[in-house]
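Read-outs: derived from the displayed coordinates by stated rules, not from any lab. All values derive from a computational prediction rather than experimental measurement. Cβ atoms come from the backbone with ideal geometry, glycine included; neighbour counts cover every protein chain shown.
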Amino acid sequence: MLTVNANGARMPALGFGTWRLRGEECASLVKHAVASGYTSIDTAIMYDNEEDVGEGLRRAEQPRDQLFITSKVWPSEVMDGQFQRCVEGSLKRLGLDYLDLVLIHWPPQDNDDVAEWMRLLNDVADQGLARNIGVSNFTIPLIERAVAASHRPLACNQVEHHPYINQSRLRQVCDDHGIALVGYCPLFRGGDLFEQTAITSAAAAHGKSPAQIVLRWHVQSGCVAIPKTATPSRAVENIDIFDFELTGDQMDAINALTARHERICDYDFSPQWDVP
Ligand SMILES: NC(=O)c1ccc[n+]([C@@H]2O[C@H](COP(=O)([O-])OP(=O)(O)OC[C@H]3O[C@@H](n4cnc5c(N)ncnc54)[C@H](OP(=O)(O)O)[C@@H]3O)[C@@H](O)[C@H]2O)c1
């Protein structure tokens, strides 16, 4: 598995997303994903599936040091120094001694809290509960403040990323600080992205599916992608992207799709990630 150097953390370039997977379906898909070659699994307290992910990991019987497990703490779950307790809860539900990566799932409501959140995040790593720390849905100004307030390097900023969204300015700021950009909704949840000529023509040229072309574009761009699927055959398909390379022209054609600038997570409270 190709890895991305995220401030010293060797993060697999492709992970398995688990939002909306629960119960037996989640456990059996996680086991299947690991058996299919995934080493990185993305979950969150908010997904209410950490026990199921943990069950899948137990069934997979993979040595712990060959896995990269990420979980995330939602701001409302943190009150009065409860951050460490939240992470301990994640570990208990997952059946693990440590997380490879713990993220703040969403920026605090009050931006002034960033320094305090960074202190809490650093503390759980200092306690040995997580090997690496990072953030999710942080904008450019918030990344700058988080970096300034953190004594440990941030491994990643997990944000929406796919060919319809331009994250180049945020990506540059992350690059400047050695932070990996981890893309969620990497497949734009399917939709008409898979019908774009830039994608279908590359798929035909390489004998790959549209989803494989999109995921290859992510990793070839130097980013991490964490596609989710509830379909076992798609889990295998999505990781089978390391035996071909998109040409420069194919990368350019997919990059040009950002002109559409369409987001999936576009709620009132969604961050304007790319605004400096
Ligand atoms: N940090 C955050 O705030 C945040 C926000 C959103 C998501 N995430 C993380 O990112 C992960 C991925 O994002 P996402 O689940 O929103 O979107 P996604 O991975 O872009 O899309 C998932 C959708 O694509 C379909 N799909 C997967 N592989 C396919 C293939 N090979 N061919 C055709 N369709 C395919 C899936 O269908 P089936 O399942 O029916 O196969 C599902 O409907 C989440 O699971 C979660 O772990 C994080």
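Some observations on this one:
- Taking every C-alpha pair closer than 8 Å and separated by at least 6 residues, the mean separation divided by the residue count of the chain gives a relative contact order of 20 percent.
- At q = 0.10, 0.15 Å⁻¹ the log10 of I(q)/I(0) for the chain amounts to -0.48, -1.11, computed by Debye summation with a single uniform scatterer per C-alpha, solvent ignored.
- Less than 5 angstrom separates the built amide H of K228 from those of G17, all sequence-distant by 5 or more or on a different chain.
- Between W19, G248, P141, the Cα set farthest toward the positive side of the dipole of the chain (charges on each charged residue's Cβ, about the Cα centre) is that of G248.
- Net length available on complete extension from S201 to R20 is 62.0 nm, with 0.36 nm assigned per residue and the Cα-Cα distance removed.
- For the range 112-233, a simple Cβ point-charge model (Lys and Arg +1, Asp and Glu -1, everything else neutral) yields a dipole of about 440 debye relative to the Cα centre.
- Residue-by-residue Karplus 3J(HN,Hα) for the range 218-230, coefficients 6.51, -1.76, 1.60, Hz, glycine and proline x: 4, 6, 6, 7, x, 9, 9, 10, 10, x, 10, 8, 9
- The chain - share of DSSP beta bridges that are antiparallel (%, nearest 5): 15
- For T231, T70, T139, the sequence from fewest to most other C-beta atoms within 10 Å is T231, T139, T70.
- Amide H partners (placed H, <5 Å) of A6, local residues excluded: M11
- Taking packing as the residue-averaged number of other Cβ atoms within 10 angstrom, the listed peptides 51-62, 187-198, 6-17 run from highest to lowest as 6-17, 51-62, 187-198.
- For the range 123-236: relative contact order, % (alpha-carbon pairs under 8 angstrom, 6 or more apart): 21
- Proximity of backbone amide H atoms, modeled 1.01 Å from N, is registered between L67 and no other residue at under 5 Å, excluding neighbours fewer than 5 places apart on the same chain.
- Ordered by the count of other Cβ atoms within 10 Å of each Cβ, fewest first, R152, R145, R169 give R169, R152, R145.
- Cα-centre dipole for the chain with unit charges at Cβ (Lys and Arg positive, Asp and Glu negative), debye to 20: 440
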